[in-house]
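One structure is given below, encoded as structure tokens.
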């Protein structure tokens with residue numbers, strides 16, 4: 001696994017991207033030369049073909065095709081696979097207008113669409129995935145059989161990086177419980193380093209909460225490390241593979257000594273320029289839409305068009321968040337704060353539409369320009385919820401070390417949180433963002449937000 005600007009990319013993913021980019025580039029060349037029998041010079045055709053390949057791969061990433069952290073149903077997978085060419089081909093068509101050889105590409109865009117959809121589907125399942133499992137296997141052994149080991153087993157069963165293979169669990173002498181599948185517990189046949197070598201293990205995941213008192217075979221782990229085997233603790237495993245940090249495995253030392261949390265003045269300056277540029281651009285683009293929505297809200301129900309609500313921002317300071325009103329005027333007539341529920345009866349007809357399309361969030365662009373929010377960051381919560389969650393969830397206040405955002409890592413990776421348990425899951429993603437936020441991660445989140453909006457994920 002490689003780290004690029006603090007974002008983890010597996011060798012298997014890089015191989016898949018290279019193969020798919022090459023295939024789409026060839027399809028673009030075919031679309032340009034189909035009538036001339038491949039007689040066009042490469043420089044004449046390279047621009048539109050490369051644009052076509054990059055646009056489709058980017059959209060595939062935006063719709064989560066390259067993510068292994070979740071298992072998609074067949075219907076969801078095919079839908080996302082269709083959306084990328086459906087949007088990308090017209091976009092590549094427009095880009096081709098500006099490039100040499102673009103006219104030929106536009107004339108044969110139908111061929112490019114069919115070959116891109118059908119070819120990628122066959123290529124991915126008949127070539128890429130089998131090749132990854134054979135050429136780039138990553139054999140993982142978990143040290144421990146308790147609750148933490150069970151977390152690793154469940155996470156890999158739900159979805160893991162391509163090529164990652166769980167060879168089994170190595171039991172520890174001082175760990176009594178076995179909560180993982182007993183059939184996957186490796187029988188003791190000598191020292192740990194001997195077992196690792198025999199099974200061809202590439203990485204050991206230390207899944208043990210209490211590591212003091214001689215629980216861990218430190219000499220054997222050191223020997224494995226010196227022999228080139230990667231040794232990873234539980235927090236680092238979840239951070240690297242799943243983009244979150246499980247609260248159950250988190251220790252204060254990880255927060256203090258871990259890499260990341262670089263909030264230098266330069267990072268703050270770049271992030272602020274990014275926020276202002278995106279906010280101004282979106283305000284100019286969406287002003288007509290906002291005017292229409294404001295009119296529809298005013299027509300449907302009485303009350304203010306823009307709803308103002310106290311939220312907690314950076315450093316725990318309160319600010320007034322702006323949203324288009326999506327509920328009736330008496331949504332909280334008892335004065336008690338409450339989370340939105342699925343199919344909430346308080347939501348109006350216009351409100352249901354603007355929530356699903358995320359249009360209700362557009363007034364928060366003003367909060368961004370004021371400097372109260374960032375475009376990307378943890379979701380700002382109400383003071384009542386923050387007080388409750390801070391008492392019940394360890395490390396909850398860490399999310400307030402950065403500005404809250406209109407969209408964020410937790411928002412695009414997890415559904416709407418309406419319980420304490422769901423708030424814990426969202427915090428795990430927020431902690432990852434606080435630790436690793438860069439301009440690149442912000443851009444990736446914005447791309448992911450397109451998928452969330454188009455598919456209506458997490459809306460209530």
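Scan the range 408-428 and give yes if some residue there is touching a residue at least 12 places away in the same chain (Cβ under 8 Å), surrounded by 21 or more Cβ atoms within 10 Å (Cβ to Cβ), touching a strand residue (DSSP E or B) at 6+ places or on another chain (Cβ under 8 Å) and not in a helix (DSSP H, G or I), otherwise no.
Within the range 408-428, one or more residues are touching a residue at least 12 places away in the same chain (Cβ under 8 Å), surrounded by 21 or more Cβ atoms within 10 Å (Cβ to Cβ), touching a strand residue (DSSP E or B) at 6+ places or on another chain (Cβ under 8 Å) and not in a helix (DSSP H, G or I).
Return yes or no: is residue 45 at pLDDT below 70, in a helix (DSSP H, G or I) and buried (at least 17 other Cβ atoms within 10 Å of the Cβ)? Talk me through it step by step, then tell me what you get.
Details: at pLDDT below 70: yes; in a helix (DSSP H, G or I): yes; buried (at least 17 other Cβ atoms within 10 Å of the Cβ): yes.
Yes; evaluated as a whole, the condition is true for this residue.
When you scan the range 418-425, do you find a residue that is modelled with pLDDT of 90 or more and touching a helix residue (DSSP H, G or I) at 6+ places or on another chain (Cβ under 9 Å), even just one?
No.
Before we move on, is residue 403 part of a helix (DSSP H, G or I), closer than 26 Å to residue 448 by Cα and within 20 Å of the chain's Cα centre (by Cα)?
For residue 403, the condition - part of a helix (DSSP H, G or I), closer than 26 Å to residue 448 by Cα and within 20 Å of the chain's Cα centre (by Cα) - is not met.
Is it fair to say residue 229 is surrounded by fewer than 14 Cβ atoms within 10 Å (Cβ to Cβ) and in contact with a helix residue (DSSP H, G or I) (Cβ under 8 Å, 6 or more places away or on another chain)?
no
Being farther than 20 Å from residue 372 by Cα, at pLDDT 90 or above, exposed (fewer than 11 other Cβ atoms within 10 Å of the Cβ) and assigned by TED's automatic domain parsing to the domain that holds residue 358: is that true of residue 291 here?
Considered against the rule, which asks whether it is farther than 20 Å from residue 372 by Cα, at pLDDT 90 or above, exposed (fewer than 11 other Cβ atoms within 10 Å of the Cβ) and assigned by TED's automatic domain parsing to the domain that holds residue 358, residue 291 comes out as yes.
In the range 95-117, how many residues are assigned to a helix (DSSP H, G or I) and touching a helix residue (DSSP H, G or I) at 6+ places or on another chain (Cβ under 7 Å)? I'd like the intermediate steps shown before the answer.
As a first pass, look at the range 95-117 and keep what is assigned to a helix (DSSP H, G or I): 95-96, 102-107, 109-117.
From what is left, the residues that are touching a helix residue (DSSP H, G or I) at 6+ places or on another chain (Cβ under 7 Å) are 95-96, 102, 104-106, 109, 111-113, 115-117.
Qualifying residue count, the range 95-117: 13.
Working only within the range 128-149, note down all residues that are more than 13 Å from residue 161 (Cβ to Cβ) and not in a helix (DSSP H, G or I).
Those that are more than 13 Å from residue 161 (Cβ to Cβ) and not in a helix (DSSP H, G or I): 141, 142, 143, 144, 145, 146.
Across the range 294-318, which residue is surrounded by the most Cβ atoms within 10 Å (Cβ to Cβ) among those that are without any contact (Cβ under 8 Å) to a residue 60 or more places away in the chain and assigned to a strand (DSSP E or B)?
307
Can you name the number of the only condition in (1) free of Cβ contacts under 8 Å to residues at least 24 places away in the same chain; (2) farther than 30 Å from residue 412 by Cα that residue 254 fails?
Of everything listed in (1) free of Cβ contacts under 8 Å to residues at least 24 places away in the same chain; (2) farther than 30 Å from residue 412 by Cα, residue 254 misses just condition (2).
Of 185, 201, which residue is outside the structural domain of residue 125 (by TED's automatic domain parsing), crowded, with 17+ Cβ neighbours inside 10 Å, over 26 Å from residue 413 (Cα atoms) and modelled with pLDDT of 85 or more? Break it down into steps so the answer makes sense when it comes.
Details: 185 fails: crowded, with 17+ Cβ neighbours inside 10 Å.
When all the criteria are applied, what remains is 201.
When you go through (1) at pLDDT below 90; (2) over 27 Å from residue 239 (Cα atoms); (3) in a loop (DSSP other than H, G, I, E, B) one by one for residue 372, which number turns out not to apply?
Of the numbered conditions (1) at pLDDT below 90; (2) over 27 Å from residue 239 (Cα atoms); (3) in a loop (DSSP other than H, G, I, E, B), the odd one out for residue 372 is (1).
Could you check residue 405 against (1) without any contact (Cβ under 8 Å) to a residue 40 or more places away in the chain; (2) farther than 30 Å from residue 296 by Cβ; (3) surrounded by 20 or more Cβ atoms within 10 Å (Cβ to Cβ) and say which number it fails?
(2)
Can you confirm whether residue 116 is over 21 Å from residue 230 (Cβ atoms), under 27 Å from the mean Cα position of the chain (by Cα), in contact (Cβ under 8 Å) with a residue 40 or more places away in the chain and buried (at least 20 other Cβ atoms within 10 Å of the Cβ)?
So residue 116 passes the test.
The values are calculated or read from the model by the stated rules, or taken from the named source; none is laboratory data. Keep in mind that this is a model prediction, so the values were computed, not measured. Neighbour counts are summed over all protein chains in view; Cβ atoms, including those assigned to glycine, are modelled from backbone coordinates with ideal geometry.
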